[in-house]
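Input: a single structure, listed below in structure tokens.
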Amino acid sequence: MQRATLNLLMAAALLALGALAWFKPGAGEPPAPLAFGALEGLAELRVERPDAPGFTLARGADGRWSLTVPFAAPADPVLVEALLEQLRGAQRHAAYPVASVTLAELGLEPPALTLALGTERYEFGATEPLNYRRYLRHGDQVLLVDELLHFRLSQNAANFADRRLLPEGAEPVGFTLPGRRLDLLDGRWVVAPAEPAVSADAPLALAAAWRAQRADRVVPRAAGAVQARLEVRLRGTATPLHFEVLTAGQGLRLARPDLGLEYAVPEGARAALLELAPTAAPAPAPAPAR
């Protein structure tokens, strides 16, 4: 009799432990892949936040991604692909029926962030305190996912903007720099006002520097006095690009007023982007032999 009672008590304890493991945050089923819809054919990715601006990434017919909300700008293909790769590799660490939880207690009513992939919506809630994973509601389930995914989606839209100063494949045909104008006419660069001290190759080097330069980071335009205004004219584009040189303690800050963005460029690139290299002084003649 005592043995039977002991067996019943042990069975009840095991059942209790099993229930605790299921409802305990971060425990339960082993990690499993979390499918975020058909990412390969995805045309639009939208992030909505109740307390901050969200953003929308759209893929064009040519396969290139662009930001369309809150501003229109080319997106950095490397950063967008990194985000998509993270979505592809996402795992769920637990799953609960929506009916078994209180959504408000998990930060899901209202959600802290919503990811929309086409018609599919994924709502992120609070962080559970044990393993610091995020509650994620999708359909009739609440899942636990890694915090890094929420962190990546919480970034400012400017973080996904292309860090190149000029669009991919753009060919400069003219510049307006402080006190100087350059134009590519009949295959030859013309500098006004003319400066004999400027190297004939200097305009080519300037155009190459603008094509190759990438910012260390892109951020929303911050306050700062405008030191100079620049204009870059591109082949096949009627409207030139306008940049503002902002005051900075370190580095070069170039703002795009039409986008409301600021490009932080290393200080070492200032001369290559804003100045024309002078003609190298001739080497001194060797002293006559005695």
Test: residue in region 176-187 that is crowded, with 18+ Cβ neighbours inside 10 Å, under 18 Å from the mean Cα position of the chain (by Cα) and closer than 16 Å to Ala255 by Cα: no
Residue count, region 187-203 (criterion: free of Cβ contacts under 8 Å to residues at least 60 places away in the same chain and touching a strand residue (DSSP E or B) at 6+ places or on another chain (Cβ under 7 Å)): 3
Set Thr119, Thr102, Thr114: member being touching a strand residue (DSSP E or B) at 6+ places or on another chain (Cβ under 6 Å), of a type in the set (S, T, N, Q) and more than 30 Å from Pro266 (Cβ to Cβ): Thr114
Members of region 98-136 found to be surrounded by fewer than 18 Cβ atoms within 10 Å (Cβ to Cβ), free of Cβ contacts under 8 Å to residues at least 24 places away in the same chain and within 26 Å of the chain's Cα centre (by Cα), listed by number: Thr119, Arg121, Ala126, Tyr132
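Taken together, the values in this text are just the output of simple stated rules run on the coordinates, not laboratory data. Because the structure is a prediction, the values reported are computed rather than measured. Positions of Cβ are backbone-derived with ideal geometry, glycine not excepted, and every protein chain shown enters the neighbour counts.
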